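Quick notes on the structure that follows.
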Amino acid sequence: MSENRFENLLIKYLSGQATENDIEELSLWIKKEENQKLFDEYVKLHFDVSTVFQKEEIDPLKKMLLSKINENEKKKLKKNYSNRLLKYVAVCIVLISVAYFTSTQFGFSFFNKGLEKNIQEKFVTLETDEGELVRLLPSNQKVITNAKGNSIGNQNGNNLFYDNDGFEAEPTFVTVHVPYGKRFKLDLADGTTVHLNSGSSLHYPTFFKNTESRSVSLTGEAFFEVAKDSLHPFYVKSNSLQIEVLGTKFNVTNYKETSHIRTVLVEGAVSLNNSQSTETVLLKPGQKAALDKADKSIAVTEVDTYEYTAWMQGKLIFRNKTFKEICHSLERKYDVQITVENEDLKKEVFDASFDIETIEQVLESFKRSYSFEYTLDSNHIIIK
């Protein structure tokens with residue numbers, strides 16, 4: 001990437017005008033150590049510019065820029081580095097026109113997170129066990145490859161699919177990360193389909209070897225439609241719980257903030273094994289198994305399975321749920337942070353269903369049942 005191209009991308013990025021493709025190009029460029037250092041220097045200087053604008057003083061800004069140049073001359077750095085410093089001072093001068101308007105929106109903690117982490121929080125990503133990270137843009141229709149040029153998936157929009165052609169002798173293990181506010185679909189090489197909910201990750205191989213069983217690991221929530229293969233059982237691992245199936249449809253929920261790992265069977269049969277006990281549970285369609293994370297016990301109940309699978313159509317169904325539990329689901333669906341300061345409200349139990357409502361409409365709906373006030377600032381909601 002040329003320096004002019006980098007500077008143009010940087011200006012768009014720091015001013016909040018970068019497109020998804022711009023961010024992808026920039027993120028790949030800063031993977032090199034020397035590029036990361038240059039990026040950090042630009043961002044630090046932009047931070048200084050923004051800080052000055054918060055104080056609404058122009059003279060300190062001029063002094064700061066001049067001191068950067070003088071400091072560089074005193075250190076007698078190499079000419080190309082000196083020119084580079086002057087260039088990114090010039091870039092920051094271009095950013096002055098937007099710094100005043102954007103400084104309060106960015107929040108300075110944004111710069112400390114690093115670009116790659118920021119990307120992972122906003123976009124679906126595919127990560128290899130070697131640490132390579134690929135953004136799966138909704139507009140993508142292409143073969144995804146790793147640094148060695150090997151295929152690690154075929155993407156068609158919000159779907160990543162696999163077959164047994166074009167792979168190496170050994171599978172590559174990858175993890176799909178789905179951030180808040182998004183859902184994603186996987187078609188594994190054996191024909192199994194996995195629907196991933198917001199805030200979820202699935203670890204799996206690019207293909208399953210014929211000599212081994214099929215195994216994946218889940219954090220968050222997913223609906224599985226497992227392809228039948230009597231010779232190769234399919235296993236879903238989630239913390240201490242292992243689910244064994246031959247061919248079936250079921251939903252698994254295991255978010256870090258939940259007290260139970262929940263398995264709901266829609267079709268077929270599954271057996272659940274707790275690695276921290278000898279207990280094995282067989283589920284029938286229409287049943288839910290809840291593994292208590294604290295005492296490791298498993299409770300089985302009859303349920304309406306649609307209540308637990310409606311999320312695939314973007315719907316939320318709450319039955320006898322506390323407001324605290326409901327808020328966790330709202331955070332994931334709407335990609336917001338909710339702070340509830342009312343302790344009594346947290347414990348209040350509700351029945352509710354939502355489909356295409358905005359987060360404001362959802363909160364107003366709850367207000368009709370329980371009086372409270374809230375503020376919405378960007379993506380942070382405070383309920384009093």
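The values are calculated or read from the model by the stated rules, or taken from the named source; none is laboratory data. As the structure is a computational prediction, the values presented were derived from the model and not from experiment. Neighbour counts are summed over all protein chains in view; Cβ atoms, including those assigned to glycine, are modelled from backbone coordinates with ideal geometry.
A147 passes every criterion in (1) surrounded by 17 or more Cβ atoms within 10 Å (Cβ to Cβ); (2) modelled with pLDDT under 95 apart from (1). Taking each residue of the stretch 345-366 that is in the same structural domain as R319 (by TED's automatic domain parsing) and modelled with pLDDT of 95 or more and looking for partners that are part of a strand (DSSP E or B) and surrounded by fewer than 12 Cβ atoms within 10 Å (Cβ to Cβ) with beta-carbon atoms closer than 6 Å, six or more apart or interchain, yields V349/N320. E307 fulfils the conditions (1) within 25 Å of the chain's Cα centre (by Cα); (2) loosely packed, with under 13 Cβ neighbours inside 10 Å; (3) of a type in the set (D, E, K, R) except for a single criterion, (2).
Going through the stretch 186-214 one residue at a time, which ones are of a type outside the set (S, T, Y), in contact (Cβ under 8 Å) with a residue 60 or more places away in the chain and in contact with a Gly (Cβ under 8 Å, 6 or more places away or on another chain)? Across the stretch 186-214, the qualifying residues are N197, G199. Residues in the stretch 240-272 that are over 25 Å from S329 (Cβ atoms), among the polar types (S, T, N, Q) and surrounded by fewer than 17 Cβ atoms within 10 Å (Cβ to Cβ): S271 only. It is to be established whether one or more residues within the stretch 284-293 are within 24 Å of the chain's Cα centre (by Cα), in contact (Cβ under 8 Å) with a residue 12 or more places away in the chain and on the phi < 0 side of the Ramachandran plot. Within the stretch 284-293 (the criterion being within 24 Å of the chain's Cα centre (by Cα), in contact (Cβ under 8 Å) with a residue 12 or more places away in the chain and on the phi < 0 side of the Ramachandran plot), the answer is yes, since at least one residue qualifies. Could you go through the stretch 263-276 and let me know if any residue there is among the polar types (S, T, N, Q), assigned to a loop (DSSP other than H, G, I, E, B) and at pLDDT below 90. The answer is yes, given that some residue of the stretch 263-276 is among the polar types (S, T, N, Q), assigned to a loop (DSSP other than H, G, I, E, B) and at pLDDT below 90. Among the residues of the stretch 97-131, the one identified as more than 15 Å from P179 (Cβ to Cβ), modelled with pLDDT of 90 or more and crowded, with 16+ Cβ neighbours inside 10 Å is T128. Any residue that is within 21 Å of G220 (Cα to Cα) and buried (at least 17 other Cβ atoms within 10 Å of the Cβ) - is there at least one of those in the stretch 351-368? Looking through the stretch 351-368, at least one residue is within 21 Å of G220 (Cα to Cα) and buried (at least 17 other Cβ atoms within 10 Å of the Cβ). Here the condition is being in contact with a Pro (Cβ under 6 Å, 6 or more places away or on another chain), at positive phi and in the same structural domain as T258 (by TED's automatic domain parsing); of G191, G157, it holds for G157 alone. With respect to D344, determine if the residue is farther than 21 Å from G181 by Cβ and of a type in the set (D, E). The answer is yes for D344. For the stretch 342-384, the set of residues classified as in a loop (DSSP other than H, G, I, E, B) and either within 26 Å of the chain's Cα centre (by Cα) or of a type in the set (V, I, T) (or both) consists of D355, I356, E357, T358, S378, N379, listed by residue number.
Of S329, S297, all but one fail to be small (G, A, S) and crowded, with 18+ Cβ neighbours inside 10 Å; the exception is S329. Within the stretch 192-210, restricting attention to residues that are among the hydrophobic types (A, V, I, L, M, F, W, C) and in a strand (DSSP E or B), the residue that is nearest to E221 (Cα to Cα) is L196. Of the residues making up the stretch 298-350, those that are farther than 22 Å from I261 by Cβ and acidic (D, E) are D335, E341, E343, D344, E348.
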